[in-house]
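Bear in mind that the values in this text are calculations on the coordinates, not laboratory data. Everything quoted here is computed from the prediction, not taken from an experiment. Positions of Cβ are backbone-derived with ideal geometry, glycine not excepted, and every protein chain shown enters the neighbour counts.
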């Protein structure tokens, strides 16, 4: 997809728009199957569930940056980090 975006000429925006609409439709179709795994945690229990998902992804992906689920692992890590920044107090040195 990134290659498509960088190669778009002025006249190709209509084609790009059609492709994006199809991608969004596909996302909408599969989203119900992804919501147990990809969600913004708003409570401690959701945070814990997301941490468990990340742990399972780490077991599957490991350190393979080319793994198909590597970017999902990164997204979930960002969601966890954001929750921690907002809800988990920082430890201070004594």
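Taking region 55-93 as the range and being touching a helix residue (DSSP H, G or I) at 6+ places or on another chain (Cβ under 9 Å), farther than 11 Å from residue 41 by Cβ and assigned to a helix (DSSP H, G or I) as the test, the residues that pass are 57, 58, 60, 61, 70, 72, 73, 77. Within region 7-52, the set of residues being in a helix (DSSP H, G or I) and under 15 Å from residue 83 (Cα atoms) comprises 44, 45, 46, 47, 48, 49, 50, 51, 52.
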